[in-house]
1. Whose amide H sits under 5 Å from the amide H of LYS197, counting only residues 5 or more places off or on another chain, with H placed in the peptide plane?
2. Whose amide H sits under 5 Å from the amide H of LEU225, counting only residues 5 or more places off or on another chain, with H placed in the peptide plane?
3. Ordered by packing density, taken as the mean number of other Cβ atoms within 10 Å over each peptide's residues, highest first, how do 122-128, 205-211 rank?
4. On the protein heavy atoms, probe 1.4 angstrom, tell me the percent of accessible surface of segment 141-269 carried by carbon and sulfur.
5. With the dipole of segment 155-199 worked out from charges on the C-beta (+1 for Lys and Arg, -1 for Asp and Glu) around the Cα centre, which of TYR166, ASN184, ALA194 lies farthest toward the positive end?
6. Which entries of LYS68/LYS164; LYS129/LYS252; LYS56/LYS139; LYS68/LYS252; LYS139/LYS180; LYS168/LYS252 show an alpha-carbon separation above 23 angstrom in the structure shown?
7. Pulled fully out, how much extra length does the chain show between LYS215 and GLU259, if you take 0.36 nm times their separation in residues and subtract their Cα-Cα distance?
8. Between THR161 and residues 5 or more places away or on another chain, which pairs have amide H atoms under 5 Å apart, with H built 1.01 Å from N, and which residues are they?
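The values are calculated or read from the model by the stated rules, or taken from the named source; none is laboratory data. Just so we're clear, the structure is a prediction, and the values are computed from it rather than from any experiment. Neighbour counts run over all protein chains shown; Cβ positions are idealised from the backbone, glycine included. Only protein heavy atoms, including side chains, enter the accessible area calculation; ligands, DNA and RNA are left aside. Shrake-Rupley method; radii C 1.70, N 1.55, O 1.52, S 1.80 Å.
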Amino acid sequence: MAAAESVAAVPSSSLVADTAPVPETAETAAATAATSPATAGPGSEAMVSKAALATKLLSLSGVFAVHKPKGPTSAELLNRLKEKLLAEAGMPSSEWTKRKKQTLKIGHGGTLDSAARGVLVVGIGRGTKMLTSMLSGSKRYIAIGELGKATDTLDSTGKVTEEKPYDKITQEDIEGILQKFTGNIMQVPPLYSALKKDGQRLSTLMKRGEAVEAKPARPVTVYSLSLQRFQPPFFTLALSSCANVLELTRTKQGPFTLEEHALPEDRWTIDDIAQSLEHCSSLLPAELALKKPKPEESSEHVLSCEYITLNEKKGEDDVIKTC
């Protein structure tokens, strides 16, 4: 199969920050067991352990990366991550609606389509405030495409809208046209995208059969673009034919790479994320480094449950919901 790798400072569709309230009982379990050792019954050690994990989870702050597989949306993956962390700390989601004392804040910066995989940058705690910087950072992708077929979604998940021959297209033809897609170019966002109109994704509106107007072209900088392999009908760019994307992998976002920093799902644990946060803190610019909270701030937590969606540019597409 053919693949091309590009590095582009492209505007991501959205930034999502999600918060989940943590029940008071989990936070106070350790203190209760410590002050009443004589009355502690069977399982008290497990309760203390879970309470310690809950305390550690609430103390996590910073930005790290996870490995998003094909299939789930970025928001669905974020919910899966949140569920795993709360479950590890002994705080299942069914407890969220009970007594609210503290809030677990977690979010992602830079949506990947459900059919795409790769680096998804995640912020936790006060790190959610740093996610906007991820939207304008550079990104690197590897795309595998198929010549001869065009789809309505531009990828393999859509309906085939056109078929053309590709037997006369050579590797030299593709390499010769790559320069037209390098540098400062104007890019028209596809209709099937995560961009929003009146608070709803364009892709959702399109799937409903509603009329959607194309967004205006916007500037994009492509730093480099190369053809890694050409094995017809697989390649990366169409030439006098048509094509669709079979696979799309984000291998880098900002300083985070797929190989070095993206945690696979089997490492979505409180300890692994704590270690990743410590390691990744050195990758961020000094102006983004989180300052240690003052002693009087250490016990302050958000009391509300918020779901926030921010786009690259403020406007009609920006949605802020508070529950």
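1. Residues meeting the criterion, in which the H sits 1.01 Å from N, are LEU202.
2. Amide H to amide H, under 5 Å and 5 or more residues apart or across chains, LEU225 pairs with nothing.
3. Sorting 122-128, 205-211 by mean packing, highest first, produces 122-128, 205-211.
4. On the way: 3700 of 7370 Å².
That share works out to 50 percent.
5. ALA194
6. Beyond 23 Å: LYS68/LYS164; LYS56/LYS139; LYS168/LYS252.
7. Computed gain between LYS215 and GLU259 is 12.4 nm.
8. Result for THR161 returns ALA150, THR151, ASP152.
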